[in-house]
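The values are calculated or read from the model by the stated rules, or taken from the named source; none is laboratory data. Keep in mind that this is a model prediction, so the values were computed, not measured. Backbone-built Cβ (ideal geometry, glycine too); neighbour counts: all protein chains shown. Surface areas here come from the heavy atoms of the whole protein model, side chains and all, with no ligands, DNA or RNA. Shrake-Rupley method; radii C 1.70, N 1.55, O 1.52, S 1.80 Å.
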Amino acid sequence: MSQLVAFGLPGVPLGCVFALMGAGLVLTYRASGVFNLAFGAQAYVSALVFYVSVNHGWPKWAAAILAIVVLSPALGLLLDRIIFRYTRNASQFVKLVPALGLLIVLPSAAQMIFGDSTRLSPPALLLDTSKVYFHFVGFAVNGNELSTTVITILAVAFLWSMLKFTKLGLEMRAVVESPRLAQLHGVRSDLIGAVAWVLSSLFAGLAGVLLAPLYAQLSSLNFTDLLVAAIAAGAFGAFVSLPLTLIGGVFLGIAQELISGYLPTGSTIAAGVPSAFPFIVLLVLLIALPRFRVKREVSDPMQGCEPPPPCLDAPRRPTAVFVGSRILAAALAISFAVSVLTWIPSNWVFTLGLGVAYSVIFLSIVLLTGMSGQVSLAQATFAGIGAFTTGQLAIHLGLSVIAGALIGGLIAAGAGILLALPTLRLGGIALALGTLGFALVVSDIFFPLSWVGNGGSGISVPRPAIGAVSLASNRSFMILALIVLVVASVAVALIRSGTVGRELAAVRGSEVGAESIGINTRRLRILTIALAAGLAGIGGAIYGSLEGSVSSNDFSYEMSLIFVVVVATVGVRTISGAIEAGLAYAVLSQLISTLPSRYASLLAFLFGLAALTYVRHPEGVVDYVKRSILNLSETVLAYFGYHGIGLRFTSGYVTCDVGDGNGLAGDDRLEAKRDVDGGA
Amino acid sequence: MTDMTPGTAKLLKVMNLSKCFGGLEVLRHVSIAVERGEVLGIIGPNGAGKTTLFNCILGVISADAGAVILEGKRIDSLPVWKRADMGMARTFQRLELFSGMTPREHLLVADRVHRHSGSIFKDLRGHGVPAREELDRVSDVLELFDLAEVADTPAEALSLGHGRLVELARAFILEPILLMLDEPSSGLDASETELIITMLERLQGNGRTATVIVEHDLQMVRRVASRLAVLNSGELIADGDVGTVLADSQVRQVYLGST
Ligand SMILES: Nc1ncnc2c1ncn2[C@@H]1O[C@H](COP(=O)(O)OP(=O)(O)OP(=O)(O)O)[C@@H](O)[C@H]1O
Ligand SMILES: [Mg+2]
C-alpha cells in the first residue's frame with residue numbers, strides 16, 4: 001500500500017497537466033470542431049519561451065505572463081482567425097491537415113529561432129521543485145506536486161466559473177452541446193470559436209510551463225506524448241464532458257507513474273510502455289465506450305438539417321490541357337528514367353531511389369485519403385512493418401528481398417485490417433486517432449524489440465538479387481524500384497477507374513446514399529485500408545533495402561504525420577501528386593541535410609507551413625500552381641486577341657464552404673465555390 | 001408472430017414499430033403492410049415521423065421495438081446495404097446524391113452494385129471500366145428519366161428537379177421489389193412534378209414493384225396511390241382506400257387543419 005502511494009503520488013502533477021490539456025482539447029473540439037493535434041506543440045512553445053526568458057534573467061512572473069498569458073492565447077486567436085474559422089463546416093480531413101501542419105511547424109520554427117541546443121533542468125513556475133513542503137499521510141509532498149496541483153485547481157475553477165456564471169460561458173456550453181442548434185438560437189458561434197481557441201491556448205501554455213520541470217530536459221518530443229495523453233483524457237469524457245476529462249487526466253497520470261514504478265527498470269518494455277500507455281488506454285476507450293458508437297446526428301439533433309459540406313471534387317480539365325499534360329508527363333517520366341540509368345551520379349541515384357520508395361508509400365495515402373476520404377496517421381508504421389519483415393526474413397530464413405517485401409506488405413495489410421475492424425465502427429476522427437495510437441505503440445514498443453528491430457540500433461536489410469543477377473548497385477536497384485512504382489501506380493489507377501474506385505467516390509459523395517444502393521461501406525473501407533497498408537509496407541521494404549538497414553527511428557510515428565502533410569500539400573487527389581511529393585521530399589531532404597543542424601527541420605517546417613494553406617487549396621500546391629499558370633496564359637493570350645483557347649479550368653474544385661459558418665444550400669453553394677475559385 | 005406461409009406473405013410487414021429520440025416518442029406502435037405491386041401513400045403533418053418510419057424500415061436508424069418483415073424474413077437487424085440488396089430502394093427527402101459524380105456515374109455504380117458484377121480483382125485486371133452493355137443500359141435509363149442532356153453534369157450543378165430524378169433513376173436501376181420515396185415532389189414546379197408522376201405510373205406498369213410514397217401534395221397522392229395511410233404524432237390514425245381515408249373526419253381535422 002505504501003509503495004502504491006509512493007509510486008502514485010508523483011503521478012498527480014503529471015495527471016493535472018494531462019487534465020488541463022484534455023480540457024483545452026475538448027473545448028476547441030466541441031466549439032470549433034477542430035481536433036487540435038498541435039496542442040502539444042503549442043504547450044512546447046510556451047515552455048520554451050518561459051525557459052529562454054528565465055535564462056535571460058527575466059523574473060519568473062514576467063516570463064510566465066509573456067509565455068502563458070500573452071503569447072499562447074495570442075497564437076490561439078491568430079490560428080482561429082487565419083485558419084480554423086474557415087474550417088467550421090469542412091470535412092475532418094480538411095480540419096486535420098492544418099492542425100498536423102502546425103504540429104510540425106511550431107517546434108521546428110522554435111528550433112530555428114532559439115537554436116537546437118539541449119536545455120537541461122527547466123525551471124519550475126512556482127516553488128522549489130524538489131524541496132519537501134509538507135507530509136501527506138506520511139509521504140513527502142514536494143514543490144512540484146504542490147504547485148502543479150494548486151495551479152490546476154485554480155485554472156479549473158476559473159474555467160468552471162466562467163462557463164457557469166457568464167453569458168459567454170452559457171453560449172459556449174450551448175455550442176458544446178449542439179453547435180447547430182446553438183447557431184439557430186442566435187449564439188455567436190464565430191465569437192465562441194475564437195474564445196474557445198484563446199482559452200484552450202491559455203490552458204496549453206499553462207500545461208506546457210507546468211510540465212517542463214517534470215522532465216530532465218526540455219524537448220518537443222515529450223510534448224507530443226503529452227498530446228496523446230490529453231486525447232486519452234478527453235476520451236474519458238467522450239470528447240464532450242469536461243469534468244470526466246479532468247478525472248480521466250488525473251487518473252492517467254497516476255496510472256502511468258504506477259506502471260513505470262512497478263516495471264523492471266532498464267528493459268525495452270520499461271522504456272516504451274509508459275509513453276505508450278495513454279494511447280493503449282485511448283484505444284481501449286474508443287473501442288469499449290458505447291458513447292462513440294452512437295452516430296453523430298443522434299447526438300446533435302440538428303446535424304441533419306443542412307446539406308453536408310461538399311467533398312473535394314477531382315479536377316475537370318479541358319481536353320487540350322489533359323492530353324497536353326499527359327504527353328508532357330510521359331516525356332518527363334521517360335527522360336527521368338533514362339537519366340537515372342545513365343548520367344546522374346550514383347549518390348543522387350540513391351536519393352532519387354529514396355524518392356521512389358517514398359512515392360510508393362505516398363501512393364498509399366492517395367489511395368486511402370484521396371480516393372476513400374479516410375485518414376490514417378500510421379502509414380510510416382506500416383512501411384516500417386514492411387521493412388523490418390523484409391530484413392528479418394532475409395537474416396533468419398535467407399529469404400529473397402522481393403519475397404520478403406511481398407510478405408511484409410501482407411503483414412502490414414493484416415495489421416491494417418486488425419486496426420480497421422474496431423475503429424471503423426466509430427467513424428469520423430476515430431480512425432485517425434486509432435491509427436495514431438497504433439503508430440505510437442508500434443514504433444515505441446514493438447519496433448525496438450530485440451527480435452524486431454534489435455533495440456534502437458536497427459537491423460540490416462540486404463539488396464535483392466534476381467536469380468544470379470545482383471541488384472546491389474544503386475543504379476540496378478533503381479530499375480527494380482521504378483518497376484515497383486510503375487506497377488503500383490497502374491494498380492491504383494485501375495482501382496480508381498474500376499468498380500472499387502467508383503464505389504469509393506460514391507461513399508465519399510454520400511455515405512447514406514451509397515448504403516441505400518447496396519454498397520457495403522464497411523467492407524469497402526476495410527479493403528482500402530488493407531490495400532493502403534500493404535502498399536506502404538512494400539514501399540517501406542524498398543526504402544530499407546536501398547538504405548541497407550532499418551531502425552525504429554526511420555519510421556517513427558512523427559514520420560506518419562509528416563507524410564500526410566507532405567502528400568496533402570503536394571496533391572492528395574492524384575497519382576502524379578504522390579510521385580511528385582515522394583521525389584520532392586527525398587531531394588529536398590538531401591539538400592537541407594547540408595545546412596547547419598539548427599535547420600534540420602526546415603523541410604518539415606516548409607511543408608507544415610504549406611499545409612496551413614490546405615483549407616484554401618485542397619487540390620495541392622502543385623496543382624494550384626499549374627492551374628494558375630494555365631489561367632494566366634489564357635488571360636495573356638486573350639490580351640493578344642486569342643480568345644477561347646480553352647486552357648482555363650472550367651469547373652474548379654469544390655472546396656469547403658467559406659463563410660461565417662452558416663451553411664449555404666444548393667445554388668448558393670455553387671456560387672460560394674465559384675467565389676472561392678475566383679478569389680484563389 | 002411472423003407470417004410464415006410464403007404464398008400469402010405480404011411483401012412488407014411492419015409490426016409495432018416504436019422509436020424515441022431522447023424523450024421524444026417519434027413512432028408509437030406503428031403497424032403497416034404493403035402488398036406486392038401496390039402504391040401506398042403515407043401522409044401526415046410535419047414532424048409526424050414519416051421520414052423516421054422510412055429510416056427504421058430501411059435500417060438507417062434502428063427502432064427501439066417492433067419488427068420489420070420483408071417477404072416473410074425478419075430484416076430488422078440487417079444493415080442498410082443488405083436490405084438494399086434484398087430489393088429495397090429509396091429516394092431521400094433531403095437529396096443524397098453522390099457529389100462530384102455525374103448522373104451517368106450514379107447509374108453506372110448502382111447498376112454494378114446491383115448486379116454484383118465488379119470486384120477488386122477485375123479492376124486490377126483492367127476489367128473495371130464500364131462495358132458497352134452497361135453503358136447502353138444506363139443510357140436507356142437516362143433517356144427514360146429525361147436526364148440525357150444533363151447526363152454528364154456533376155451532381156452539385158443539377159437543379160433540384162433533376163436531382164430528384166437522378167435519385168429516382170438510381171433507385172429504378174436497382175430493379176427493386178419495394179420502392180420507397182420520401183417526398184419526391186417537394187420543391188418541384190408543376191411540370192417537374194408531372195414528370196415524376198409519369199415516371200411512377202410507368203414504374204407501376206411492370207406490376208412487380210410496390211411503392212411507398214410519402215407526399216404532402218394530396219393532388220399527386222390521389223393520382224398515384226391505391227391506398228393511403230395517415231401518420232400523426234407517431235401514430236397511425238388511418239389506413240385504407242384513398243377516398244375513404246380522405247373523407248375520414250379525424251384525418252380531415254389533423255391533416256387539413258394543420259397544413
Ligand atoms: N436524429 C434525430 N434526433 C432527434 N430528433 C429527431 C431526429 N430525427 C427526427 N427527429 C424528430 O422526430 C420528429 C419526426 O421527424 P420526421 O423527420 O420523421 O418527420 P416527418 O414526418 O418526416 O416530417 P416532414 O414532413 O417535415 O419531413 C421530429 O420532431 C424531429 O424533430
Ligand atoms: Mg420527412
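In whole percent, what relative contact order does region A:351-557 give with Cα contacts below 8 Å and a gap of six or more residues? Please list the in-between numbers first.
Working: 346 pairs, mean separation 94.9, N = 207.
It rounds to 46 percent for region A:351-557.
Need the full-extension length gain, residue A:330 to residue A:288, defined as separation in residues times 0.36 nm minus the C-alpha distance. One decimal, nm.
Details: separation 42, 0.36 × 42 = 15.12 nm, distance 5.05 nm.
Stretched out fully, the residue A:330 to residue A:288 stretch lengthens by 10.1 nm.
Suppose each label sits 7 Å from its Cα in the direction of the beta carbon; what would the residue A:450-residue B:119 distance come out to in nanometres?
4.6
With a point put 7 Å past each Cα toward its Cβ, work out how far residue B:133 is from residue A:7 in nm, to one decimal.
That separation, rounded to one decimal, is 6.9 nm.
With a 1.4 Å probe and every protein chain left in place, tell me how much accessible area residue A:470 has, in Å² to the nearest 10.
The accessible area of residue A:470 comes to roughly 70 Å².
Using heavy-atom solvent-accessible surface (probe 1.4 Å) with all chains present, what is the largest-first order of A:335, A:189?
Largest accessible area first, the list is A:335, A:189.
Between residue B:29 and residue B:252, with labels modelled 7 Å along Cα→Cβ, what's the label distance in nm to one decimal, could you check?
2.8
Report residue A:551's accessible area, 1.4 Å probe, all protein chains in place, as a number in Å² to the nearest 10.
Here the residue's solvent-accessible area equals roughly 20 Å².
Roughly how many Å² is the accessible area per residue of region A:2-262, as a whole number, for a 1.4 Å probe?
Details: 9610 Å² over 261 residues.
Each residue of region A:2-262 exposes 37 Å² on average to a 1.4 Å probe.
Just checking the output field for B:121-131: average partner chain Cβ neighbours within 10 Å of each residue's Cβ? Each step should come with its number before you reach the end.
Numbers: counts 2, 4, 11, 6, 2, 4, 3, 9, 6, 4, 0.
If you average over the peptide's residues, the count of other-chain Cβ atoms is 5.
Can you say what percent of the DSSP beta bridges in region B:114-259, counting only those with both residues inside, are antiparallel? Round to 5.
55
At a 1.4 Å probe, what is the % contribution of carbon and sulfur to the accessible area of the protein assembly as shown? The partial results should precede the final answer.
Numbers: 24150 of 37650 Å².
Ligands and nucleic acids excluded, carbon and sulfur reach 64 percent.
How much length would be gained if the chain were fully extended between residue A:633 and residue A:221, taking 0.36 nm per residue of separation minus their Cα-Cα distance, in nm to one decimal?
Details: separation 412, 0.36 × 412 = 148.32 nm, distance 4.64 nm.
This chain segment gains 143.7 nm when fully extended.
Please state, to two decimals, what the Cα-based radius of gyration of the protein assembly as shown comes to when divided by 2.2 N^0.38 Å (N = residues).
Details: Rg = 30.0 Å, N = 939, 2.2 N^0.38 = 29.7 Å.
Rounded to two decimals, the normalised Rg is 1.01.
Working with all protein chains in place, sort A:224, B:51 by solvent-accessible area computed with a 1.4 Å probe, largest first.
On the way: A:224 20, B:51 45 Å².
Largest accessible area first, the residues go B:51, A:224.
Report for the protein assembly as shown the percent antiparallel among DSSP-assigned beta bridges with both residues inside it, nearest 5. Before the final figure, lay out the partial values.
On the way: 30 of 46 bridges.
Here the share of antiparallel DSSP bridges comes out near 65 percent.
Ignoring ligands, DNA and RNA, how much accessible area is buried between chains B and A, both sides summed, with a 1.4 Å probe, to the nearest 100 Å²? Display every interim value, and only then the final one.
Working: alone 12400 and 28230 Å², together 37650 Å².
The summed interface area works out to 3000 Å².
Taking square-rooted eigenvalues a ≥ b ≥ c of the alpha carbon gyration tensor, is region A:351-557 rounded, prolate or oblate, where a/c under 1.5 means rounded and, failing that, a/b exceeding b/c means prolate?
Numbers: a/c = 2.51, a/b = 1.53, b/c = 1.64.
Oblate shape, in that a/c is at least 1.5 and b/c is the bigger or equal ratio.
Translational diffusion coefficient, Stokes-Einstein: compute it for region A:2-262 using the Kirkwood radius over C-alpha pairs as Rh, at 10 °C and 1.306 mPa s, and state it as an integer in µm² s⁻¹.
Working: Rh = 18.5 Å.
Translational diffusion coefficient: 86 µm²/s.
Before I look further, what does region A:351-557 give for accessible area per residue, probe 1.4 Å, in whole square angstrom? Provide the component values of the computation, followed by the final result.
Details: 6170 Å² over 207 residues.
With all protein chains present, region A:351-557 gives 30 Å² per residue.
How much accessible surface does residue B:122 have with a 1.4 Å probe, in Å² rounded to 10?
Roll a 1.4 Å probe over it and residue B:122 shows about 80 Å².
Test of understanding: in a Gaussian network model of chain B with alpha carbons linked when under 10 Å, which of B:227, B:83, B:115 would top the mean-square fluctuation ranking?
Maximum fluctuation in the GNM of chain B, among the listed residues, is at B:115.
Could you tell me how many degrees, from 0 to 90 and to the nearest 10, lie between the Cα long axis of helix B:103-115 and the main elongation axis, the longest principal axis, of the Cα atoms of chain B?
80
What order do B:119, B:62 take when sorted by accessible area (1.4 Å probe), most exposed first?
Working: B:119 40, B:62 80 Å².
From most accessible down to least: B:62, B:119.
Using the Cα centre as the reference, give the magnitude of the dipole from point charges on the C-beta atoms of region A:351-557 (Lys, Arg: +1; Asp, Glu: -1; all else neutral), rounded to the nearest 20 debye. Spell out each step's value before the answer.
Details: 9 positive and 6 negative charges, 70 e Å.
Rounded to the nearest 20 debye, it is 340 debye.
Given a Förster distance of 35 Å, report the FRET efficiency between residue B:73 and residue B:157 from their Cβ-Cβ distance, rounded to the nearest 0.05.
On the way: r = 41 Å, r/R0 = 1.17.
With a Förster radius of 35 Å, E is 0.30.
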